[in-house]
Structure formats: structure tokens, C-alpha cells
Amino acid sequence: DGSTVDLNLTPGSYTEKPIVLDTVYTAGAKKIGYFVLNSFLGDVTTMKAAFANSFQEFTTAGVTDMIVDLRYNGGGYVALQEELGNYLTPATKTGTVMYKETFNDKLSQYNETVNFSKKGSLALNSIVFIMSQNTASASEALINIMRATMTDVKMVGPSNSHGKPVGFFNIPVGDWYMFPVSIRIVNSKNEGNYFNGFTPDKRVADGLDKSWGDLSEDCLATAYNYLNTGNFRTSQRIEENASQENIRAYNSMRSPKRSIMVEQKIPGH
């Protein structure tokens with residue numbers, strides 16, 4: 001209306017907490033863990049300690065099935081994706097291939113195979129990943145790894161994941177750093193060309209009207225029902241929300257989130 005308002009702003013600091021929620025649901029005699037991780041970025045030591053705390057709680061509670069919510073996780077450090085994979089994997093997979101980092105033919109001497117080394121004692125029968133177009137890079141690498149490792153791994157969400165099976169490391173150039181795409185990560189079956197993203201086993205709209213952990217939220221309800229009954233939840237609400245028109249509206253509403261997969265090792269250094 002043409003008026004002027006003066007505001008006094010005070011700067012402050014904010015520490016992101018990528019682990020939004022970890023909790024356990026009881027479904028009859030079954031215990032289902034729910035783990036919401038919004039980023040693989042942050043202080044690596046702090047993040048690893050947080051993973052250890054969460055998965056100790058899951059183990060103590062007797063969790064046998066897990067919902068891992070990566071719907072807003074745009075990626076981060078390979079080392080943290082590897083850490084989480086070692087908590088999710090069966091103990092019998094220790095020493096077997098987790099993933100392979102492959103370079104082009106000019107740097108093939110840096111190709112590397114990373115094996116599982118089980119963390120904790122959580123023994124899972126099934127995992128359901130919740131994902132969206134914002135699920136990218138290190139998050140997709142984790143899904144790709146677990147799909148090749150466990151028999152019962154499913155995906156639910158409003159859309160395909162982002163589609164970024166590649167990563168990079170920093171290359172110093174004078175006073176600057178360059179981050180060209182440098183590596184591709186493949187799983188134990190040499191699968192890793194998901195440039196169009198992963199397609200969910202059940203397409204379900206994001207329950208933006210619910211709080212984290214609310215079992216009536218569409219994505220969580222669908223994942224929970226699968227682990228509880230062996231079937232994806234179907235309801236008029238979910239089927240209507242998952243229509244193509246609503247999916248397009250969701251995609252246009254969500255601002256694209258950065259995707260990043262950083263390898264902390266620098267070849268030649």
C-alpha cells in the first residue's frame with residue numbers, strides 16, 4: 001500500500017539435524033522402525049554417533065522391519081551413506097560387495113570396491129523406502145545398494161526419485177575448487193544407470209497435511225501397511241491423491257532441492 005516498515009534483524013546460528021525422527025510402531029507381535037533422514041550432510045562424527053544411538057534403540061525395541069524415509073534427502077557424503085547401509089544390512093553380508101566406485105578409462109586405477117561391514121545387531125526382514133523427486137544421489141545409492149542386498153525392499157512415494165547415480169570429489173585449481181562429475185556408483189549386481197530415477201512400487205501422494213510419524217500420513221501409512229500385512233494400503237483418499245494431476249501439482253509445488261554425492265577421498269592426494 002506504499003507504506004514503509006523498518007525491521008531490526010538479529011543474525012543467529014542454526015544447526016541442521018538431518019535425523020528428523022526415529023520411532024517404533026507395534027503391529028501385533030511385529031515391531032516396525034521408522035527412520036527419517038533428510039540429508040547425508042553434516043559433521044560425519046556427529047552423524048555416525050546419531051546413527052549408532054538410533055539403531056541401538058531399534059535393536060533394543062526388537063525391530064524386525066524398517067521404514068526409511070528419504071523423501072527430502074538430496075544426498076551428501078558417501079561415507080555416511082555407507083555407514084547407514086552397514087546398519088541396515090544383514091550380518092551375513094559382511095565381507096560381500098556393498099558398492100563399486102568406477103571412474104572413466106583415464107582414471108580407472110582409482111576404481112574401488114567397498115564391502116559391507118555390519119554395524120550393530122539389528123536383523124531386518126524387510127525395508128520400505130519412502131522417496132520423491134527430491135531423493136537423490138547418496139540416497140538413491142543407498143536404495144540401489146539395498147535392492148541388491150535384501151530380498152524384500154520396496155519403494156513408495158509420489159514420483160520417481162531424482163536420478164543421479166554419479167558423484168564427485170573436490171579438485172583444487174588455484175584459489176578455487178572444481179567439482180566435475182567424476183564417479184559412478186554401482187551395486188553388487190553392477191546396477192547403476194538409474195538416470196531416470198527409481199519408480200516407486202506404489203505411487204502415493206506426499207501427505208503434506210500431516211506431521212512426521214503420523215500413521216495416517218499417506219506415504220507412511222502405505223509403507224506401514226505393507227510391512228504389517230504384506231499388501232500396500234489402498235483407499236479412496238490415497239488413490240485420488242496419487243492421480244497424475246495431483247502428482248504434477250506436487251512436483252510443481254516442491255522447489256528443486258540440491259542433489260549432492262561427495263566422495264571425501266581425493267585420488268592422487
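The values are calculated or read from the model by the stated rules, or taken from the named source; none is laboratory data. The structure displayed is predicted, hence computed values, not measured ones. Note that each Cβ is placed from the backbone with ideal geometry, even for glycine, and that neighbours are counted across all protein chains shown. For accessibility, only protein heavy atoms count, side chains too; no ligands or nucleic acids. Shrake-Rupley method; radii C 1.70, N 1.55, O 1.52, S 1.80 Å.
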Projected label distance in nm at ASN53 and LYS210, using a 7 Å step from Cα toward the beta-carbon = 2.6
Name the aspartates and glutamates eligible as straight-distance cross-link partners of LYS31: C-alpha to C-alpha under 14 Å, and not fewer than 8 places from it in the same chain.
-> ASP22, GLU57, ASP65
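What is the mean projected area of the alpha carbon convex hull for the range 46-163, to one decimal in square nanometres? Could you put the intermediate results ahead of the total?
Values: hull surface 31.4 nm².
Spelled out: convex hull of the Cα atoms, projected over all directions, averaged, 7.9 nm².
Take VAL153, VAL181 and sort them by solvent-accessible surface of the protein heavy atoms, 1.4 Å probe, largest at the top.
Numbers: VAL153 20, VAL181 105 Å².
In descending accessible area the options line up as VAL181, VAL153.
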Kindly give the semi-axes, whole Å and largest first, of the ellipsoid equivalent to the range 1-46, taking each as the square root of 5 times a Cα gyration tensor eigenvalue.
-> 41, 19, 8
Please give the direction-averaged projected area of the C-alpha convex hull for the range 46-93, in square nanometres with one decimal.
-> 4.0
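Of all DSSP beta bridges in the chain, what percent run antiparallel (nearest 5)?
Given both bridge residues lie in the chain, the antiparallel proportion sits at roughly 50 percent.
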For MET261, residues with placed amide H under 5 Å, excluding near neighbours | GLY76, PHE168
For a quick protection proxy, order the peptides 5-13, 26-34 by their average other-Cβ count within 10 Å, most packed first.
-> 26-34, 5-13
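Can you run the Rg to Rh ratio on the chain? Use alpha carbon positions and the Kirkwood inverse-distance Rh.
Details: Rg = 19.7 Å, Rh = 19.6 Å.
Rg divided by Rh gives 1.00.
Which value, in debye to the nearest 20, describes the size of the charge dipole of the range 67-157 about its Cα centre when Lys and Arg Cβ atoms bear +1, Asp and Glu Cβ atoms bear -1, and nothing else is charged? Spell out each step's value before the answer.
Values: 8 positive and 8 negative charges, 37 e Å.
It comes to approximately 180 debye.
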Which value in Å is the Kirkwood Rh of the range 74-135 over different Cα pairs?
-> 13.5
ALA27-LYS189 pseudo-label distance in nm [points 7 Å out on the Cα-to-Cβ vector] = 2.3
Listed by chain and number, the lysines with an alpha carbon less than 18 angstrom from that of LYS118, same-chain partners under 8 positions apart left out, are LYS48, LYS93, LYS100
LYS202: which lysines have alpha carbons under 20 Å from its alpha carbon, excluding same-chain residues fewer than 8 sequence positions away?
-> LYS154, LYS210
Residue ranges of DSSP H helices in the chain that stretch 18 Å or more (Cα, own long axis) and have mean Kyte-Doolittle hydropathy of at least 0.0 are 44-61
Percent relative contact order of the chain, based on C-alpha pairs within less than 8 angstrom and at least six residues apart?
-> 19
What value, in deg cm²/dmol to 500, does the helix sum -39500 (n - 2.57) over DSSP H runs of n ≥ 4 give at 222 nm once divided by the residues of the chain?
-> -7500 deg cm²/dmol
